[in-house]
Amino acid sequence: MTSSKVRYLIFFQYFGTKYSGVMKAPSHQAILGVENYLEHAVSKLRPANDIRLWISSRTDSGVHALCNSLHVDIQRKDGKPPFSEDVLVKALNYHLQPEPISILSASIVPDNFHARYRALSRTYVYRLVTGCSHRSELPVFEKNLCWSVYGSHLNGTAVQEAAQFLLGTHDFSTFRSISSEMPFKSPVKTLHQVHITPSVGFLSHYTYRNLQFWELVFKSRSFLYKQVRRMTGALVQVGQGRLTPLDIKDLLEARDSMAFPQNCIAPPDGLFLKEVEYEEGNVYEET
């Protein structure tokens, strides 16, 4: 006898440096994806059904998540009642040890809920720092968590001026990397938010010599492949005086991925998926 199948919306976070990305990788690969470990943790609960995870937001190797989401159906054996939300969180976190992956919350949702397609928006934060003459000067607690931009100055006002050209609905072909999915996905996206603000290091009470931290925030319902990293790289070029704000407008209007400046894409280290937003009642707020 088995109990009824229950669908859960799960919010989770991870330190992405050691993974091939969030999506599942073939088991024979030396480096696996976050999903491999999540799936293994769910399997440890001995469900009666075959397990498949539906992750809302793809992230690449080296990219982190303060909050990503997925849905999964779990059916228990021997007529046992469904896992409560709190028990599920604790059990999964136990089985995820010692991986740098953590379950933040779980909630029971309707059977027709889909973590990817019901998402209203996704917010990414890109962290960068100026003032390092070499990557070795980056504080040890910031390694793999921000982009050390060469030089001691970044013109935040110019970056913000350039960012305004990216707001709204556009064909972002110039700002997407070539992938196998390119022919099947529309390059038209609506960017609801983009701004740059001075920030602090993770240990905010500690003075990091002459380093200046910055955060770039991007919000849209969805993004193209490596779009955030390409937009970040181009905006940093503006902040360094290598491009002008009008150059960003010209790149956008070119609608051609080959028009993007060479070696301009930002590395994955500083990129964080901050939030996946749903209708009220299905949102996890990171505190």
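The values are calculated or read from the model by the stated rules, or taken from the named source; none is laboratory data. Since the structure is predicted, the reported quantities are computational estimates derived from the model, not experimental observations. Neighbour counts are summed over all protein chains in view; Cβ atoms, including those assigned to glycine, are modelled from backbone coordinates with ideal geometry. Just so you know, the surface numbers come from the protein's heavy atoms only, side chains and all, with ligands and any DNA or RNA stripped out. Shrake-Rupley method; radii C 1.70, N 1.55, O 1.52, S 1.80 Å.
Here the chain is assigned +1 on the Cβ of each Lys and Arg and -1 on the Cβ of each Asp and Glu. Its dipole about the Cα centre then comes out at about 520 debye. Extension gain for Ile108 to Glu85 (0.36 nm times residue separation, less C-alpha to C-alpha distance): 7.6 nm. Rolling a 1.4 Å probe across all protein chains gives Arg230 an accessible area of roughly 20 Å².
Enter the accessible area per residue of region 1-47 (Å², integer; probe 1.4 Å; all protein chains in place).
Details: 2350 Å² over 47 residues.
Value for region 1-47: 50 Å² per residue.
Taking the C-alpha atoms only, the angle from helix 245-254 to the longest principal axis of the chain is near 60 degrees. Net charge near Asp269: determine it from the other residues with C-beta under 9 Å of the C-beta of Asp269, scoring Lys and Arg +1 and Asp and Glu -1. Around Asp269, the charge tally is +2.
Mind checking the full-extension length gain between Asn93 and Val217? Use 0.36 nm per residue of separation minus the Cα-Cα distance, one decimal, nm.
On the way: separation 124, 0.36 × 124 = 44.64 nm, distance 2.89 nm.
Extra length available between Asn93 and Val217 comes to 41.7 nm.
Using only C-alpha positions, report the orientation-averaged shadow area of the convex hull of region 92-218, nm², one decimal. Don't skip to the answer; put the middle values down first.
Numbers: hull surface 48.8 nm².
About 12.2 nm², averaged over all directions.
The spacing between region 68-116 and region 225-283, judged by their C-alpha centroids, is 33 Å.
Under a Gaussian network description of the chain, with springs only between Cα atoms under 10 Å, the residue in Tyr124, Tyr94, Tyr14 that fluctuates furthest is Tyr94.
The long axis of helix 227-239 is offset from the longest Cα principal axis of the chain by roughly 30 degrees. Ellipsoid semi-axes for region 136-201, based on the Cα gyration tensor and the rule √(5λ), read 29, 18, 10 Å when sorted largest first. Among residues other than Gly16 with Cβ under 10 Å from its Cβ, the summed charge is -1 (Lys and Arg +1, Asp and Glu -1). Length available on full extension from Ala254 to Ile178: 0.36 nm per residue minus the Cα-Cα distance, which gives 25.8 nm.
If you roll a 1.4 Å probe over the heavy atoms of the protein chains, what accessible area per residue do you get for region 158-276, in Å²? It would help to have the intermediate numbers written out before the result.
On the way: 5880 Å² over 119 residues.
Spelled out: the 1.4 Å probe surface of region 158-276, per residue, equals 49 Å².
Would you compute the Debye intensity of the chain from its alpha-carbon atoms alone, equal scatterers and no solvent, and pass along log10 I(q)/I(0) at q = 0.09, 0.11 Å⁻¹ to two decimals? Each listed q corresponds, in turn, to -0.48, -0.69. Residues considered: Thr244, Thr157, Thr123. Largest GNM mean-square fluctuation over the chain, using C-alpha springs under 10 Å, is found at Thr157.
Hey, any idea what % of region 92-208's accessible area is carbon plus sulfur with a 1.4 Å probe? It would help to have the intermediate numbers written out before the result.
On the way: 3520 of 6130 Å².
In region 92-208, the share of accessible area belonging to carbon and sulfur is 57 percent.
Taking Ser102, Ser148, Ser133 in turn, the Gaussian network model of the chain (Cα-Cα springs below 10 Å) assigns the largest fluctuation to Ser133.
Give the calculated FRET efficiency between Thr190 and Ser133 to the nearest 0.05, with a Förster radius of 45 Å applied to their Cβ-Cβ distance. It would help to have the intermediate numbers written out before the result.
Values: r = 39 Å, r/R0 = 0.87.
That pair, Thr190 with Ser133, gives E of 0.70.
Based on Cα contacts under 8 Å between residues 6+ apart, the chain shows a relative contact order of 23 percent.
Ratio of Rg to Rh for region 100-159, alpha carbon only, Kirkwood? Walk me through the numbers before you get to the answer.
On the way: Rg = 18.8 Å, Rh = 15.7 Å.
Rg/Rh for region 100-159 comes to 1.20.
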